[in-house]
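Undergrad: What follows is a single structure, and I will ask about it in a moment.
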Amino acid sequence: MKRICLLLPLLLLVLPLPARDEVRLALIDGWVFRHDGVGAWRAATVPGTIHTDLMAHGLIPDPFYRDNERLVQWVDKVSWEYALTFVVGDALLSRAHQELTFAGIDTYASIFLNDEPLGETFNMFRTWTFDVTGRLREGENRLLVRLHSPTARGLEAMARWGLPLPASNDYSEIGGMGAEKVSVYTRKAPYHYGWDWGPRLVTSGIWRPVILTGWDEARVEDLFIRQLEVSERRARLEAQVEWQVDEGGLLYIEVWHEGKIVARRSVEAVRGENRVALPFALGRPRLWWTNGLGKPEMHEFTVRARRGERVIAEKRVATGIRSLRLVRERDESGVSFYFELNGVPVFAKGANVIPGDSFLPRVTRDRHERMVEDAALAGMNMLRVWGGGVYEDDAFYEACDRRGIMVWQDFMFACAMYPGDAAFLDNVREEVTDNVKRLRNHPCAALWCGNNEVDVAWARWGWQGSYAAEERERVFGAYAALAHGLLPRLVDSLTGGAAYWPSSPMSGDAVGAHETRPSTSGDSHYWGVWHESRPFEEFETSVGRFMSEYGFQSFPEPLTVASYTLPGDRDIDSEVMKAHQRSAIGNRQVVQYMERYYAVPEDFEQFLYLSQVLQAKATRAAFHAHRRRMPYCMGSLIWQLNDCWPVASWSTIDYYHRWKASHYAARAACKPVIISPLLKDDGVELWVVNDLRRSFPATCRVELRDFHGRVLGAREARCGVKANASTRAAGWALANLLEGADAREVFAVVTLSREGEVVDESHLFFTAIKDAHLPLTPRVKVEGIEREGRRYLRVETDAVALDAWFYLPDEELFLSDNYIDLVPGKPREIEVIRPTGDIDATRVRFRHAAM
């Protein structure tokens, strides 16, 4: 015993000898491509796509410009070859093991190394690794990737399944394929085949990095920090380690955290694959919190495998320590649906995310980070990675970790039925394993969801009528085996019990628990506003437990429209504008809703602007309705955050990351504390919503003003703002507030103040804007000022100017706030974010909603 006590401190002080580093060679430069077996080789970009390579050589036009999309539909009907000659030296050849890894190939490929077949790929979402030990030559080597036509392979897969499957958003007609919708038979991003916001551009390519790796003796394949129990006092964790070793025998596996060994175990390893779990605990851990609730603390853990005092392999991972669970408990209204973080119920405020480009390699780390930053700046704390796109790059999830953004992660199935043969399910099993293991250490990962709208589509979209009874059983059986069988089993086994939801939306997790309306359990996609032409006011009465989709369309701003049109195209009914409006009802709905709330302008640019104001109005109405119903409703995820090309869509940020009016509206509606006025039953109710974990006393004030800023009357009420709650703070009869004033000639400035400081301000109008007697030509003064090295626009007005948008006519102007209500006597200072150089305030233009 004495010897052990004496030796233990010595062991902890001995610094382990470093492992011999892996050799990694990124195969990036020097790729060439050609039509399969035909023509001259041309320079290619890897990671990349065939479309972007063809564009770079002027062989196809930019499909984002005008209606060029139809001119490039031939590209997916043929096969292509990519080749690389690369040099391998002794540093890699001297290693006992060499592997070639394709982090992503889109999609069907035959791979050859030095003219010998290496393997086949058939899933865009998988990582493909090939053992090339003994197959590399010293000096030059040649790699050939033959990319097969994804549509031709899709047709073959459809024939093997023997039954056509519904895929509502597969734009096969644009692709010249008639009714043959092959997207569902191919494990490839569904949106590549078209959607009601995206083009049909069915890509092929080496879309993620290609890495050649050499290693000796041992390698840690995976390290998962499983979080068993977490509180502010203590975190019980478990390091699950997978490694390979060439020689069995006694090894020591250590887990390091902040320079200390927190877990250590001796194991008798066997040659080949090994697994071990090391439990340990941390006292008073720094916890990961969401945006607005606290700091998203991150921790780094390192696992080391030692043979004696020599480190033979190691691996590092970063994670956040937190308790995060989906709470579904029966209550007086039904069954709850909310996320609890570190013991605190969290109202999820956020958006649905689609891929940031039709050509995925163009979405750089900077673009991922900027998109997440845009969400965080808008006060969001959750993003849903929608199931018709891709499992995003690591950069996206790392950004969400850093900014405290929870991620609802769909598996890549959307708005369609899928085959269920053994080969398909085996392929999906590998896809899910790759991606869950890649993402499971991210603290942002809140929920794994089986698909988008497959369950509700089967129940309501009329698909079942296309099949005989036996065929219906076959099609739905394939779906159930996937969403209620394979996927939940894999999530549970790979994560140790992370939350799983079979389909969005659903009312419960059992087979056949389809979404109900109104919903008292599960999650909801509410499209009464938009698809069913319901007024915005129905957001108030159509609230479920968790609103995971809803939205409204708008056009992008004129600068973005100019990027894909000629001046003669700039009419919403032109062929080019319709090519960038993929919703069959889109233009009609925007016009009809505009007629309901505003005067429809004849000027094209004013129409584009007012479509954004209209979308912002819908965004405010929805977020406020959902937040007011807290805790019955505990989530509001707008459709959608971003675009994959320049287009009229439901996005709050356009393809060029330009904030629409809707994103500014979302930012105002997602603040931690808001004052939310509601016109209801000839009265006005004031609600205060507080996401913070502390209560405070406050004052609610309503000022009745005319459109020239004169205060006609005021009401005040003291209120106690409850922590993490929505509270009805005050209410008055409408007649008492108006005091005889004409509702068309006044509005209310509603404020919430704490200790004399305004916490939030909202404006309430008593009629539709088209009926209000708003000044048509308010005089707005814009002045540029600089203070402490930062630039601002100081703006003021002599009459109310609603949703005032400040812009430059020929370049981007990004401001800290925009689309704002200007009130006489209340000047505003708005910081200029872009452009970064000097700005001439006399060039700044503005529009308002009553023009």
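The values are calculated or read from the model by the stated rules, or taken from the named source; none is laboratory data. This one's a predicted model, so the numbers in the text were calculated from it and none came from an experiment. Positions of Cβ are backbone-derived with ideal geometry, glycine not excepted, and every protein chain shown enters the neighbour counts. Just the protein is used for accessible areas: all its heavy atoms, side chains included, with ligands, DNA and RNA removed. Shrake-Rupley method; radii C 1.70, N 1.55, O 1.52, S 1.80 Å.
Undergrad: Checking LEU11 against (1) surrounded by fewer than 16 Cβ atoms within 10 Å (Cβ to Cβ); (2) under 30 Å from TRP215 (Cβ atoms); (3) modelled with pLDDT of 95 or more, only one condition comes out false. Which one?
TA: (3)
Undergrad: Separate question: List pairs: first residue in the stretch 599-610 and polar (S, T, N, Q), second residue open to solvent by 10 Å² or more (accessible area, probe 1.4 Å) and at pLDDT 95 or above anywhere in the structure, Cβ distance under 7 angstrom, at least six positions apart or on different chains.
TA: GLN606/ARG847
Undergrad: Now for a different question. What are the residues in the stretch 655-668 that are open to solvent by 10 Å² or more (accessible area, probe 1.4 Å), within 27 Å of LYS578 (Cα to Cα) and of a type in the set (D, E, K, R), if any?
TA: ARG658
Undergrad: While we're here: Quick one: in the stretch 612-641, of everything that is open to solvent by 10 Å² or more (accessible area, probe 1.4 Å) and either in contact with a helix residue (DSSP H, G or I) (Cβ under 7 Å, 6 or more places away or on another chain) or of a type in the set (Ser, Thr, Tyr) (or both), which residue is nearest to SER574 (Cα to Cα)?
TA: Looking at residues that are open to solvent by 10 Å² or more (accessible area, probe 1.4 Å) and either in contact with a helix residue (DSSP H, G or I) (Cβ under 7 Å, 6 or more places away or on another chain) or of a type in the set (Ser, Thr, Tyr) (or both), I get LYS617.
Undergrad: Taking the stretch 750-772, which residues are open to solvent by 40 Å² or more (accessible area, probe 1.4 Å) and of a type in the set (Gly, Ala, Ser)?
TA: GLY756
Undergrad: Among the residues of the stretch 703-748, which ones are touching a strand residue (DSSP E or B) at 6+ places or on another chain (Cβ under 9 Å), open to solvent by less than 80 Å² (accessible area, probe 1.4 Å) and charged (D, E, K, R)?
TA: GLU703, ARG705, ASP706, ARG715
A quick yes/no check of all residues on (1) at pLDDT 95 or above; (2) under 36 Å from the mean Cα position of the chain (by Cα); (3) more than 21 Å from ARG847 (Cα to Cα); (4) among the aromatic types (Phe, Trp, Tyr):
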residue	(1), (2), (3), (4)
ARG728	yes, yes, yes, no
TRP732	yes, no, yes, yes
GLU739	no, no, yes, no
LEU774	yes, no, no, no
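Undergrad: From THR101, THR49, THR45, grab the single residue that is closer than 20 Å to HIS148 by Cα, open to solvent by 60 Å² or more (accessible area, probe 1.4 Å) and either touching a residue at least 60 places away in the same chain (Cβ under 8 Å) or of a type in the set (Ser, Thr, Tyr) (or both).
TA: On the way: THR101 fails: open to solvent by 60 Å² or more (accessible area, probe 1.4 Å); THR49 fails: open to solvent by 60 Å² or more (accessible area, probe 1.4 Å).
Among THR101, THR49, THR45, only THR45 is closer than 20 Å to HIS148 by Cα, open to solvent by 60 Å² or more (accessible area, probe 1.4 Å) and either touching a residue at least 60 places away in the same chain (Cβ under 8 Å) or of a type in the set (Ser, Thr, Tyr) (or both).
Undergrad: Please find, among PRO824, PRO775, the residue that is within 25 Å of MET594 (Cα to Cα) and open to solvent by less than 50 Å² (accessible area, probe 1.4 Å).
TA: That would be PRO775, the only listed residue that is within 25 Å of MET594 (Cα to Cα) and open to solvent by less than 50 Å² (accessible area, probe 1.4 Å).
Undergrad: Shifting gears a bit: When the stretch 148-177 is examined, which residues are found to be more than 21 Å from TYR467 (Cα to Cα), in a helix (DSSP H, G or I), open to solvent by 20 Å² or more (accessible area, probe 1.4 Å) and touching a residue at least 60 places away in the same chain (Cβ under 8 Å)?
TA: Of everything in the stretch 148-177, just one residue is more than 21 Å from TYR467 (Cα to Cα), in a helix (DSSP H, G or I), open to solvent by 20 Å² or more (accessible area, probe 1.4 Å) and touching a residue at least 60 places away in the same chain (Cβ under 8 Å), namely ALA152.
Undergrad: Here is a follow-up. Going through the stretch 392-432 one residue at a time, which ones are of a type in the set (Asp, Glu) and in contact (Cβ under 8 Å) with a residue 12 or more places away in the chain?
TA: Going through the stretch 392-432, the residues of a type in the set (Asp, Glu) turn out to be 392-394, 398, 401, 410, 421, 426, 430-431.
Listed by number, the residues that qualify are GLU392, ASP393, ASP394, GLU398, ASP401, ASP410, ASP421, GLU430, GLU431.
Undergrad: Which ones in the stretch 37-92 are within 26 Å of TYR564 (Cβ to Cβ) and either of a type in the set (S, T, N, Q) or part of a strand (DSSP E or B) (or both)?
TA: Passing the criteria: THR45, THR49, THR52, ASN68, GLN73.
Undergrad: Do the conditions hold for THR565, that is, is it within 24 Å of ARG70 (Cα to Cα) and part of a loop (DSSP other than H, G, I, E, B)?
TA: yes
Undergrad: Ok, one more. For the stretch 601-699, which fully contained strands (runs of 3 or more DSSP E) count at least 3 residues that are farther than 24 Å from GLY194 by Cα?
TA: Answer list for the stretch 601-699: 673-680, 683-690.
Undergrad: Out of all the residues in the stretch 799-849, which are assigned to a loop (DSSP other than H, G, I, E, B) and either among the charged types (D, E, K, R) or touching a helix residue (DSSP H, G or I) at 6+ places or on another chain (Cβ under 7 Å) (or both)?
TA: LEU808, ASP810, GLU811, GLU812, ASP817, ASN818, TYR819, LYS826, ASP838, ASP840, ALA849
Undergrad: Moving on. Just for the stretch 446-467: of the residues that are touching a Phe, Trp or Tyr at 6+ places or on another chain (Cβ under 8 Å) and farther than 22 Å from TYR191 by Cβ, which one is surrounded by the fewest Cβ atoms within 10 Å (Cβ to Cβ)?
TA: So, considering only residues that are touching a Phe, Trp or Tyr at 6+ places or on another chain (Cβ under 8 Å) and farther than 22 Å from TYR191 by Cβ, the one surrounded by the fewest Cβ atoms within 10 Å (Cβ to Cβ) is GLN464.
Undergrad: Next question. Six or more apart or on different chains, Cβ atoms under 6 Å: show the pairs whose first residue is in the stretch 513-532 and among the β-branched types (Val, Ile, Thr) and whose second is part of a loop (DSSP other than H, G, I, E, B).
TA: Listed pairs, sorted by first residue: THR516/SER507; THR520/SER333.
Undergrad: Look through PRO190, PRO199 and report the one residue that is in contact (Cβ under 8 Å) with a residue 12 or more places away in the chain, buried (at least 24 other Cβ atoms within 10 Å of the Cβ), of a type outside the set (Val, Ile, Thr) and within 27 Å of ASP421 (Cα to Cα).
TA: Answer to the selection: PRO190.
Undergrad: Is the stretch 230-246 home to any residue that is more than 33 Å from the chain's Cα centre (by Cα), open to solvent by 10 Å² or more (accessible area, probe 1.4 Å) and at pLDDT 95 or above?
TA: There is at least one residue in the stretch 230-246 that is more than 33 Å from the chain's Cα centre (by Cα), open to solvent by 10 Å² or more (accessible area, probe 1.4 Å) and at pLDDT 95 or above.
Undergrad: Between THR565, THR560, which is farther than 24 Å from ALA768 by Cα and touching a helix residue (DSSP H, G or I) at 6+ places or on another chain (Cβ under 7 Å)?
TA: On inspection, the qualifying residue turns out to be THR565.
Undergrad: Any idea which of (1) in contact with a strand residue (DSSP E or B) (Cβ under 9 Å, 6 or more places away or on another chain); (2) on the phi > 0 side of the Ramachandran plot; (3) at pLDDT below 95 is the one ASP803 doesn't satisfy?
TA: Here ASP803 meets the rest and fails (3).
Undergrad: If the Cβ limit is 6 Å and pairs must be 6+ apart or interchain, which residue in the stretch 236-248 that is in contact (Cβ under 8 Å) with a residue 12 or more places away in the chain and under 27 Å from SER323 (Cα atoms) pairs with which residue that is among the charged types (D, E, K, R) and open to solvent by 50 Å² or more (accessible area, probe 1.4 Å)?
TA: So the pair list comes out as ARG236/GLU229; GLU238/ARG226; GLN240/ARG226; GLU242/GLU221; GLU242/ARG275.
Undergrad: Would you check if TRP256 is hydrophobic (A, V, I, L, M, F, W, C), open to solvent by 20 Å² or more (accessible area, probe 1.4 Å) and closer than 13 Å to VAL220 by Cβ? Talk me through it step by step, then tell me what you get.
TA: On the way: hydrophobic (A, V, I, L, M, F, W, C): yes; open to solvent by 20 Å² or more (accessible area, probe 1.4 Å): yes; closer than 13 Å to VAL220 by Cβ: yes.
Yes, satisfied.
Undergrad: Tell me which of these HIS484 doesn't satisfy, since it passes every other one: (1) over 22 Å from the mean Cα position of the chain (by Cα); (2) closer than 30 Å to GLN240 by Cβ; (3) surrounded by 23 or more Cβ atoms within 10 Å (Cβ to Cβ).
TA: HIS484 satisfies all of (1) over 22 Å from the mean Cα position of the chain (by Cα); (2) closer than 30 Å to GLN240 by Cβ; (3) surrounded by 23 or more Cβ atoms within 10 Å (Cβ to Cβ) except (3).
Undergrad: Exactly one condition in (1) closer than 27 Å to ARG545 by Cβ; (2) out of contact with any helix residue (DSSP H, G or I) (no Cβ under 9 Å at 6 or more places or on another chain); (3) open to solvent by 20 Å² or more (accessible area, probe 1.4 Å) is false for GLU471; which is it?
TA: Here GLU471 meets the rest and fails (1).
Undergrad: Which of the residues belonging to the stretch 300-334 are under 30 Å from ASP509 (Cα atoms), surrounded by 17 or more Cβ atoms within 10 Å (Cβ to Cβ) and β-branched (Val, Ile, Thr)?
TA: Result: THR319, ILE321.
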